[in-house]
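Take a look at the structure below.
The values are calculated or read from the model by the stated rules, or taken from the named source; none is laboratory data. It should be emphasised that the depicted structure is a prediction, and the values quoted were computed from it without experimental measurement. Cβ: placed from backbone, ideal geometry, glycine included. Neighbour counts: every protein chain shown. For accessibility, only protein heavy atoms count, side chains too; no ligands or nucleic acids. Shrake-Rupley method; radii C 1.70, N 1.55, O 1.52, S 1.80 Å.
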Amino acid sequence: MARALGIEVKSATLRPRISGQLQRSPDSPSGFRIRVNRHEAATRQRFTIAHEIAHYLLHRDYIGDGIEDSILYRSTLSDAREAEANRLGAQLLMPEKSVIRVLREYGGIATPEIARIMAERYDVSEVAMGIRLGLG
Ligand SMILES: [Zn+2]
């Protein structure tokens, strides 16, 4: 998805408790690049990239030279914008129509066990899928 948008993604050693960055990058086709903390779990890195893509799509006019997201997905942007990026990031990785259809395949009722199976299928964390299924 990032590639299709012309956003370069780099796996990097970021400071502890920093999950990702969205920075201006003249060499990138979109003018932006994402750096993701390579020391975090793969599913976590995937969500961070989706979160930064969401910032690019929604907030790129507000980020100046760039932003940095903590492990709680907080940055210099407002909490409302962070919540928007979390929502869109979740939609990108777990589109609602798809999640509803797949949940039906498993009987239509969300349980922690179903969340675990679906998390694997969508390559997201069990926590992220649990929230998506309303188990939060
Ligand atoms: Zn953020």
Legend entry - Unique match (being outside the structural domain of residue 120 (by TED's automatic domain parsing), in contact (Cβ under 8 Å) with a residue 60 or more places away in the chain, of a type outside the set (Ser, Thr, Tyr) and more than 8 Å from the ligand (Cβ to nearest atom)) among 60, 46: 46
Inset, instruction - Kindly check whether there is at least one residue in region 97-112 that is away from the ligand (no atom under 16 Å from the Cβ), over 22 Å from residue 3 (Cα atoms), aliphatic (A, V, I, L, M) and surrounded by 18 or more Cβ atoms within 10 Å (Cβ to Cβ). - result: yes
Inset, instruction - Determine whether residue 54 is closer than 20 Å to residue 122 by Cα, within 12 Å of the ligand (Cβ to nearest atom) and either of a type outside the set (Lys, Arg) or free of Cβ contacts under 8 Å to residues at least 24 places away in the same chain (or both). - result: yes
Legend entry - When residues of region 23-43 are limited to those that are open to solvent by 20 Å² or more (accessible area, probe 1.4 Å) and polar (S, T, N, Q), the one nearest to the ligand (Cβ to nearest atom): 23
